[in-house]
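To keep things clear, I will list the structure first and then write my remarks on it.
The values are calculated or read from the model by the stated rules, or taken from the named source; none is laboratory data. None of these values were measured; they are calculated from a predicted model. Because the Cβ atoms are built from the backbone with ideal geometry, glycine has one as well, and the counts that use them run over all protein chains shown. Each accessible area value is taken on the protein alone, full model and side chains, heavy atoms only, with ligands, DNA and RNA left out. Shrake-Rupley method; radii C 1.70, N 1.55, O 1.52, S 1.80 Å.
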Amino acid sequence: METPGESLGVGLKPGDAHYRAYVGPPEDYDLIAAMTFNLLTTLGLRQRHSLLDVGCGSLRIGRLLIPYLNRGKYFGVEPNEWLVKEGIKQELGEALLEIKRPTFFFSDSPETIAQTKVSFDFALAQSIFSHCGLDLIKNWLSAISRSLAEDGALVATFLPGDQDSPAKGWVYPECVNYRPATLRDAAAEAGLRFELLDWKHPRQTWALFAAPKFDSGWFKNRPLTWNAGLEKALAKNKAGNVAPAAPAASGDLSHAEGHVYDQDGLRSIHNHEFMDDPAFRKAYERGVRAAGDDYRWHWRVHIGLWAAVCAARLEGDFIECGVNRGFLSSAIMDYLNWDSLGKHFYLLDTFRGLDERFVSPADRASGAVEKNQKSLGSGFYVQGIEKVRANFSQWKNVSLIEGSIPETLPQIRAKKIAYLHLDMNCSMPEIAAIQFLWERLVPGAFVLLDDYAYYGYLSQKIAMDQFAQEKGITILSLPTGQGFLVKPVNG
């Protein structure tokens, strides 16, 4: 008769032909699963997210993730089909498989990820890079990066060493070591940010390979713990409550000094009670309705609304280059009661993502083309103007100009401009726009640069700094990732 220990592979060596032993020490099967699940949920994994499990094996972690995630949100890649089948039989069960509908790809090729046609919020590679040559690691990073959401992240383990392994391809059950600096360089090549994670592992080291907009700032100077993660999640939930509300009672402001603001790469305990202002909430909700989603951009929108209010007092029209679905511009028009101003708002975009003809070499090197493909694939970028046109139909004096900048700039008829917002995720069209429109900006006009200081968009900052230097002006760098300048009186 088989003993309980034998059925669970206890006593077998890693790599033995048993579904638990093949993926590592059987004694640690449950430990690794609990450790990984806790890390992912601490970093922000929620049931609505989509997750890619690289080398999902016998569902050591999948048996926890599949029940937790919503139906169809789990994707596993594994070359050994027998492992997955044994995991389903021994750990998951056919009934749960039918309910949750996970997707499995039986392959050892990183390019398999492209078949999913999914923008993943999280990816996992537990004990994969510890058995990969650097060539294979780079292939996985490249493939995963192309399928990660802009605020997504890959969580992976590796074995640190003083020297890099010369191995190539897949090595198992042998292990390989790499210097953290080597993996940091490999991550940068794939357009990802590399960070070591202070999360215990029996033998390996956890690392984060984050997309540009993944927020890891909340644990930069504090321990990465569930308590800290829960604090962040609760703060985010409260900040995300943008439903119209009555004015807050005196002394009962939920976003006053000391309350933690933690979203969009910005963490602060400073006063942000603008989020309690009914007019702000109404305008922000109008932006959410335009976008079809809440991007948690409260402070960024706050700055945009402030600039628009100031610009409304000046002579001149408003222009936004890089509209997408119209989040900020819709919030501004609601906030200002647009039809009462007598101004015109010009809204320019391809309404189909970046035009690669106007992507500079520096932008390409920073991953602009790959980010564009991911944004299109995930639905973050609109594809077509009709829904955008319908969104702005409630207001008068609005011109939607479809096409690529600089080709469409001559269609702007404004002789005087009070407000200019540039958000094209690419330096060449942004520089073309500000150069073309500079002479029409009235003295004191407000120029808001959405990507100026945002992580992963350095090429745009460099280009805009050069323009500012030529004009003898300076740009204010903001912790929201934006940049801000005012046209001088003698500019």
Taking the range 431-449 on its own, how many of its residues are open to solvent by 10 Å² or more (accessible area, probe 1.4 Å) and closer than 16 Å to Gln482 by Cα? 2
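Can you tell which of Ala291, Ala362, Ala368 is over 30 Å from Ala186 (Cβ atoms) and of a type outside the set (Phe, Trp, Tyr)? Step through it out loud before you land on a result.
Details: Ala362 fails: over 30 Å from Ala186 (Cβ atoms); Ala368 fails: over 30 Å from Ala186 (Cβ atoms).
Answer to the selection: Ala291.
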Return only the number of the condition from (1) buried (at least 17 other Cβ atoms within 10 Å of the Cβ); (2) at pLDDT below 90 that Leu52 does not satisfy. (2)
For a quick check of your reading of the model, give me the residue pairs whose first member lies in the range 113-125 and is among the hydrophobic types (A, V, I, L, M, F, W, C) and surrounded by fewer than 22 Cβ atoms within 10 Å (Cβ to Cβ), whose second is assigned to a helix (DSSP H, G or I) and at pLDDT 80 or above, with beta-carbon atoms closer than 9 Å and at least 6 apart or on different chains. Ala114/Ala143; Ala114/Arg146; Ala114/Ser147; Val118/Ser147; Val118/Gly377
Which members of the range 443-471 meet the condition of being touching a residue at least 40 places away in the same chain (Cβ under 8 Å) and over 24 Å from Val301 (Cβ atoms)? Pro443, Ser459, Ile462, Ala463
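Quick grid of which residues meet (1) touching a helix residue (DSSP H, G or I) at 6+ places or on another chain (Cβ under 7 Å); (2) at pLDDT below 95:
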position: Ala33; (1), (2): yes, yes
position: Leu40; (1), (2): no, no
position: Gly62; (1), (2): yes, yes
position: Gly72; (1), (2): no, yes
position: Asn80; (1), (2): no, yes
position: Lys85; (1), (2): no, yes
position: Lys89; (1), (2): no, yes
position: Ala95; (1), (2): no, yes
position: Phe122; (1), (2): yes, no
Scanning the range 73-106 for residues that are among the small types (Gly, Ala, Ser) and open to solvent by less than 30 Å² (accessible area, probe 1.4 Å), the one nearest to the chain's Cα centre (by Cα) turns out to be Gly76
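Return the residue satisfying two criteria in turn: it lies in the range 189-199 and is among the hydrophobic types (A, V, I, L, M, F, W, C) and free of Cβ contacts under 8 Å to residues at least 40 places away in the same chain, and of such residues it is most open to solvent (accessible area, probe 1.4 Å).
Initially, the range 189-199 is screened for residues among the hydrophobic types (A, V, I, L, M, F, W, C), giving 190, 192, 194, 196-197, 199.
Okay, now just the ones that are also free of Cβ contacts under 8 Å to residues at least 40 places away in the same chain, so 194, 196.
Values: Phe194: 16, Leu196: 90 Å².
Looking at the filtered set, the residue picked out is Leu196.
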Does Ser109 fit the bill of being among the hydroxyl-bearing types (Ser, Thr, Tyr) and buried (at least 18 other Cβ atoms within 10 Å of the Cβ)? no
When residues of the range 200-230 are filtered for being open to solvent by 10 Å² or more (accessible area, probe 1.4 Å), of a type outside the set (S, T, N, Q) and over 21 Å from Gln263 (Cβ atoms), how many remain? 4
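Can you tell me which residue in the range 284-325 is most open to solvent (accessible area, probe 1.4 Å), limited to those that are assigned to a loop (DSSP other than H, G, I, E, B) and among the aliphatic types (A, V, I, L, M)? Walk me through it before giving the result.
The initial filter retains those residues of the range 284-325 that are assigned to a loop (DSSP other than H, G, I, E, B), namely 292-297, 312-316, 322-325.
Then drop every residue that is not among the aliphatic types (A, V, I, L, M), which leaves 312, 314, 323.
Numbers: Ala312: 25, Leu314: 48, Val323: 9 Å².
Out of the qualifying residues, it is Leu314.
Test Lys415 against the criterion of being touching a Gly at 6+ places or on another chain (Cβ under 9 Å), in a loop (DSSP other than H, G, I, E, B) and surrounded by fewer than 16 Cβ atoms within 10 Å (Cβ to Cβ), and give yes or no.
Details: touching a Gly at 6+ places or on another chain (Cβ under 9 Å): yes; in a loop (DSSP other than H, G, I, E, B): yes; surrounded by fewer than 16 Cβ atoms within 10 Å (Cβ to Cβ): yes.
Judged against the criteria, Lys415 is a match.
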Just checking, how many residues over the range 131-171 are in a strand (DSSP E or B), open to solvent by 10 Å² or more (accessible area, probe 1.4 Å) and not hydrophobic (A, V, I, L, M, F, W, C)? 3
Tell me which residues, restricted to the range 458-491, are β-branched (Val, Ile, Thr), in contact with a strand residue (DSSP E or B) (Cβ under 7 Å, 6 or more places away or on another chain), open to solvent by 20 Å² or more (accessible area, probe 1.4 Å) and part of a loop (DSSP other than H, G, I, E, B). Ile473, Ile475, Val489
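Condition test on Ala243, is it under 30 Å from Lys416 (Cβ atoms), among the small types (Gly, Ala, Ser) and either modelled with pLDDT under 80 or open to solvent by less than 40 Å² (accessible area, probe 1.4 Å) (or both)?
Values: under 30 Å from Lys416 (Cβ atoms): no; among the small types (Gly, Ala, Ser): yes; either modelled with pLDDT under 80 or open to solvent by less than 40 Å² (accessible area, probe 1.4 Å) (or both): yes.
Criteria not met by Ala243.
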Taking Lys374, is it open to solvent by 70 Å² or more (accessible area, probe 1.4 Å), in a helix (DSSP H, G or I) and out of contact with any Phe, Trp or Tyr (no Cβ under 7 Å at 6 or more places or on another chain)? no
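Only one of Val398, Val388, Val382 is surrounded by 15 or more Cβ atoms within 10 Å (Cβ to Cβ) and touching a His at 6+ places or on another chain (Cβ under 8 Å); which? Give the steps one after another, and end with the answer.
Numbers: Val388 fails: touching a His at 6+ places or on another chain (Cβ under 8 Å); Val382 fails: touching a His at 6+ places or on another chain (Cβ under 8 Å).
Matching residue, one of Val398, Val388, Val382: Val398.
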